[in-house]
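Visitor: Pasting in a structure now, in structure tokens, and then I'll have a few things to ask.
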Amino acid sequence: MGHTVEHIYTDNGKANAVRIKNQKTGETWVETADHVVANVTVQNLVKLVADENQPQTSHPIPGYKRRVDKLPSPWGAFVVYLGVDASAIPTNCPPHLQFFYNYDGPIGENNSLFVSVSHPGDGRAPTGKATITASSFTDTQIWRHCQDYQELKQKYMEEAIARLSEYFYLKPETIVHQEAATPRTFVKFTARDEGIVGGVGQRLTTFGPFGIANRSPIQDLWLVGDSTHPGEGTAGVSYSALTVVRQIEAEE
């Protein structure tokens, strides 16, 4: 934690080292490796291996970069985190809910909200309190190019809370804490390219055998996470890591 991989070094088509930066002190150093396993987006991977002296004109895997550049723009996420009094939660409320408000509207931008709700004793909230986490897909470019970021963030948060209030009892006296995250939040805390979530998206051109492989075009450089097979989610990204471990062990 608290460290960033700034560059993946290659030599004769083989990954052999990474440059690491301490986020607090600014110190950098190089670690050599027999294998490099990158738990990043495929967009980040392309940038990490780019020629630092000529990042725009030269690339060690140009065909791979072209494919990544042509991928449809991935989604970002807008997420509202609420700490509430237990009285805000309806009786027999399920732990997960999916709300879709306008069937003629987009599947995102607060028109659909996926909601997770804590339950007593699950460790996510003190006695008598609860947490509500609601997320919606959002276009990362809206947040990247907006004129007033804080105003847009506040607008989205108020809109999401208003829509959640149709099911939950959300009033000033029942909301203990509220905060929100946007694609810019995920850029800051996870360094994911443009704050994207959910991998490359499941389409015919990216599904199954047409997806992004764990094995990159650079020898001994591997990709795990939601950009690669079998996709997003705890089970999916864990399986991608297990797949890489098995492939590395098979080569030893």
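Rule-based calculations on the coordinates, nothing more; no lab input. The structure presented is a predicted model; accordingly, all values stated were derived computationally and were not measured. FYI the Cβ positions are ideal-geometry reconstructions off the backbone, even for glycines, and counts take in every protein chain you see.
Visitor: In the range 188-241, which trypsin sites (Lys or Arg not before Pro) are in a loop and have at most 11 other Cβ atoms within 10 Å, using DSSP for the loop call?
Guide: Filter output for the range 188-241: Arg203.
Visitor: For Met157, Met1, what ranking results if the residue with the fewest other Cβ atoms within 10 Å of its Cβ goes first?
Guide: In order of increasing Cβ crowding within 10 Å: Met1, Met157.
Visitor: Moving on to the next point. For the range 151-252, how big is Rg over Rh, using alpha carbon atoms and the Kirkwood form of Rh?
Guide: Numbers: Rg = 19.4 Å, Rh = 16.8 Å.
Rounded to two decimals, Rg over Rh is 1.16.
Visitor: Counting Lys and Arg as +1 and Asp and Glu as -1, each charge on the Cβ, what is the dipole of the chain about the Cα centre in debye, to the nearest 20?
Guide: 180
Visitor: Here is the link list: Lys70/Lys188; Lys129/Lys155; Lys14/Lys65; Lys129/Lys171; Lys70/Lys155; Lys21/Lys188. Which ones come out longer than 22 Å on Cα distance?
Guide: Violating the 22 Å limit, Cα to Cα: Lys70/Lys188; Lys129/Lys155; Lys70/Lys155.
Visitor: Out of the trypsin sites (Lys or Arg not before Pro) in the range 68-164, which ones are loop residues according to DSSP with at most 13 other C-beta atoms within 10 Å?
Guide: Hits after loop and neighbour filter: Lys70.
Visitor: Which of Ile212, Ile196, Ile20 moves most in a GNM of the chain, Cα contacts under 10 Å?
Guide: Maximum fluctuation in the GNM of the chain, among the listed residues, is at Ile20.
Visitor: Under 17 Å from the Cα of Lys153, which aspartates and glutamates turn up, not counting those fewer than eight places away in the same chain?
Guide: Glu109, Asp139, Glu179, Glu194
Visitor: Tell me the GluC sites (Glu not before Pro) within the range 1-88 that lie in a loop according to DSSP and have at most 13 other beta-carbon atoms within 10 Å. Show your work: numbers first, answer last.
Guide: On the way: sites: Glu6, Glu27, Glu31, Glu52; in loops: Glu27, Glu52.
Of the GluC sites (Glu not before Pro), the ones in loops of the range 1-88 whose Cβ has at most 13 other Cβ atoms within 10 Å are Glu27, Glu52.
Visitor: Further question: Viscosity 1.002 mPa s, temperature 20 °C: give me the Stokes-Einstein translational D for the range 76-190 in µm²/s, with Rh taken as the Kirkwood radius over C-alpha pairs.
Guide: Reported coefficient: 146 µm²/s.
Visitor: Of the options Thr25, Thr206, His119, report the single residue whose Cα projects farthest towards the positive end of the charge dipole of the chain (beta-carbon charges: Lys, Arg +1; Asp, Glu -1).
Guide: Going by the Cα projections, it comes out as Thr206.
Visitor: Work through the residues other than Lys129 whose Cβ is under 14 Å from its Cβ and net out their charges, Lys, Arg +1 and Asp, Glu -1.
Guide: Residues near Lys129 contribute -2 overall.
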